[in-house]
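S.K.: Encoded as structure tokens, here's the structure I'll be asking about.
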Amino acid sequence: MIEMNATTRDMYAEVDTEMFSRALRRSRMSYQELADEASLNLRRIARAERRRRRGGVPETISKALIGQFATGAAKTTHELRGIAIEEALGMSPGDLFVPVVVRGTRTTQRQTA
């Protein structure tokens, strides 16, 4: 069971791509099976957050996102998504996804007029 008070709710988590791929292979789940199982966990987490009057929690995890983590195309996700995926893979929170601070600004190329 997840310790809900340990999450920051508005943070992102960075995936360890190599460890994620190993855990996925060991689980013998397909991308879709993992997405479905993790989405069930995430919906349970979202319900608990709503009872605490906290919003902004994602409620689904797509097969495409799982594939992007496995190939390294995606590196970060919402922290609660990471926890739900770890739980679906039978891992402890923090084994695959590490919380990172993301400031309000992102680095983008801007052209001057």
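S.K.: Ser62: polar (S, T, N, Q), under 11 Å from the mean Cα position of the chain (by Cα), modelled with pLDDT of 95 or more and crowded, with 17+ Cβ neighbours inside 10 Å, yes or no?
M.R.: Here the answer is no, as Ser62 does not meet what is asked.
S.K.: Yes or no: Gly67 assigned to a helix (DSSP H, G or I), within 11 Å of the chain's Cα centre (by Cα) and of a type outside the set (Phe, Trp, Tyr)?
M.R.: Numbers: assigned to a helix (DSSP H, G or I): yes; within 11 Å of the chain's Cα centre (by Cα): no; of a type outside the set (Phe, Trp, Tyr): yes.
Taking the combined requirement at face value, the residue does not satisfy it.
Every residue, every condition in (1) in contact with a helix residue (DSSP H, G or I) (Cβ under 7 Å, 6 or more places away or on another chain); (2) among the small types (Gly, Ala, Ser), yes or no:
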position	(1), (2)
Val57	yes, no
Thr60	yes, no
Gln68	no, no
Gly72	yes, yes
Lys75	no, no
Leu80	yes, no
Ile85	yes, no
Ala88	yes, yes
Pro93	yes, no
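Okay, residues lined up against (1) outside any helix (DSSP H, G or I); (2) within 13 Å of the chain's Cα centre (by Cα); (3) aromatic (Phe, Trp, Tyr):
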| residue | (1), (2), (3) |
| --- | --- |
| Arg25 | no, no, no |
| Met29 | yes, no, no |
| Ala38 | no, yes, no |
| Asn41 | no, yes, no |
| Ile45 | no, yes, no |
| Arg54 | yes, no, no |
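S.K.: I would also like to ask the following. Out of all the residues in the stretch 39-57, is one or more crowded, with 20+ Cβ neighbours inside 10 Å, touching a strand residue (DSSP E or B) at 6+ places or on another chain (Cβ under 6 Å), under 26 Å from Val101 (Cβ atoms) and of a type outside the set (Asp, Glu)?
M.R.: no
The values are calculated or read from the model by the stated rules, or taken from the named source; none is laboratory data. Model, not experiment: these values are computed from the prediction. Counting neighbours? That spans all protein chains shown, and the Cβs are built from the backbone with ideal geometry, glycine included.
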